[in-house]
1. Given the criteria of a type in the set (Gly, Ala, Ser), touching a residue at least 60 places away in the same chain (Cβ under 8 Å) and within 13 Å of the ligand (Cβ to nearest atom), does Ala65 qualify?
2. Would you mind finding the one in Asp88, Asp123 that is modelled with pLDDT of 95 or more, acidic (Asp, Glu), surrounded by fewer than 18 Cβ atoms within 10 Å (Cβ to Cβ) and closer than 18 Å to Glu184 by Cα?
3. Which ones in the stretch 226-251 are of a type in the set (Gly, Ala, Ser), surrounded by 14 or more Cβ atoms within 10 Å (Cβ to Cβ) and either touching a residue at least 12 places away in the same chain (Cβ under 8 Å) or not in a helix (DSSP H, G or I) (or both)?
4. Taking the conditions exactly as written (of a type in the set (S, T, N, Q) and within 24 Å of Ser200 (Cβ to Cβ)), does Ser57 satisfy them or not?
5. Quick check on the stretch 24-47. Is at least one of its residues over 18 Å from the mean Cα position of the chain (by Cα), within 16 Å of the ligand (Cβ to nearest atom) and closer than 17 Å to Ala100 by Cα?
6. Looking at the stretch 89-199, what helices (runs of 4 or more DSSP H) fall wholly within it and have at least 1 residues that are within 16 Å of the ligand (Cβ to nearest atom) and within 19 Å of Lys59 (Cα to Cα)?
7. Name the residues in the stretch 144-170 that are crowded, with 18+ Cβ neighbours inside 10 Å and of a type outside the set (A, V, I, L, M), would you?
8. Looking at Ala189, Ala167, Ala182 in this structure, which one is in contact (Cβ under 8 Å) with a residue 24 or more places away in the chain and touching a Phe, Trp or Tyr at 6+ places or on another chain (Cβ under 9 Å)?
Amino acid sequence: TEYETILVDRKGRVGIITLNRPKALNALNTELMTEVVAAAKAFDRDPEIGCLVVTGSEKAFAAGADIKEMQENAFPEVYLDDWLAPWDELSRLRKPVVAAVAGYALGGGCELAMLCDILIAADTAKFGQPEIKLGVIPGIGGSQRLTRAVGKAKAMELCLTGRMMGAEEAERAGLVSRIVPADELLAEAMATAETVAAMSAPAAVMMKESVNRAFETTLAEGVRFERRLFHAAFATADQKEGMAAFAEKRPAEFTNR
Ligand code: HXC
């Protein structure tokens with residue numbers, strides 16, 4: 001393919017993006033950022049794809065932004081370029097994204113995992129925001145998304161000390177949805193993604209939008225938003241099919257319409 005720092009594959013209705021800079025523990029340089037965002041947006045636009053998986057290697061999901069690349073950055077340039085802003089595009093993907101995390105998910109790596117919708121961790125996963133040890137702070141949402149995920153006390157401690165937390169602690173804290181043995185990580189992530197991809201696409205997009213609203217608005221506004229989409233779901237053929245299939249005791253055959 002045209003990509004240098006990622007591998008892109010598809011299996012049925014699942015699009016798979018594998019970070020692939022093994023010599024740098026998948027450090028997120030500009031090229032990798034550009035490629036991940038481009039590949040994710042291409043899958044998001046593709047009607048044959050219902051769900052995405054983002055993964056790394058056994059040793060590292062990603063060890064953060066590329067320190068060697070950013071070392072000499074200067075304020076006016078990064079400010080005027082709005083450096084790192086392309087990552088925000090991942091938060092605007094409409095289709096669900098599963099992060100399959102093994103090994104290090106540090107700094108931008110942890111932030112990338114948190115930009116995804118379902119986070120499945122191998123028992124080897126290690127999460128952290130060690131930016132403070134480099135004299136900086138997170139730059140693609142870590143201080144915000146980690147705080148929403150695990151609460152202020154743990155987020156503050158992790159961010160201020162830069163310590164890593166293992167998969168067990170991350171699950172207890174609510175950062176990850178599930179822990180699986182490392183050698184089953186990809187299969188489990190794929191099974192989850194295939195399950196999601198087999199749902200009615202409009203319903204899955206509504207569901208993702210609605211859950212994400214919980215982080216953007218008040219409870220009353222969020223419930224109102226959910227109610228509108230719930231009503232709208234009755235305009236889909238898939239609602240008729242899903243409910244008919246239940247009544248007829250057969251599997252639903254969704255047409256994504
Ligand atoms: C550039 C990196 C890197 C990084 C690892 N490498 N992390 N290069 N940027 N973030 C490179 C190393 O330089 C080394 O290359 C090779 O990958 C293997 O790493 P080692 O350190 O030798 O491996 P190990 O001893 O197993 O230690 C693993 C590690 C450590 C604990 C993960 O590499 C580490 O602490 N990395 C930095 C983690 C970090 O601070 N991340 C936050 C970055 S700031 P050579 O050529 O020497 O073999 C950030 C800001 C967020 O993310 C902004 C948003 C994107």
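The values are calculated or read from the model by the stated rules, or taken from the named source; none is laboratory data. Keep in mind it's a predicted model, so treat the numbers as computed, not measured. Glycine gets a Cβ as well: all are built from the backbone with ideal geometry, and neighbour counts include every protein chain shown.
1. Judged against the criteria, Ala65 is a match.
2. None of the other options fit; the residue is Asp123.
3. Ala233, Gly242
4. no
5. Yes - at least one qualifying residue is present in the stretch 24-47.
6. The qualifying helices (runs of 4 or more DSSP H) are 108-115, 167-173.
7. Of everything in the stretch 144-170, those that are crowded, with 18+ Cβ neighbours inside 10 Å and of a type outside the set (A, V, I, L, M) turn out to be Arg145, Lys154, Cys159.
8. Just a single option satisfies the conditions, and that option is Ala167.
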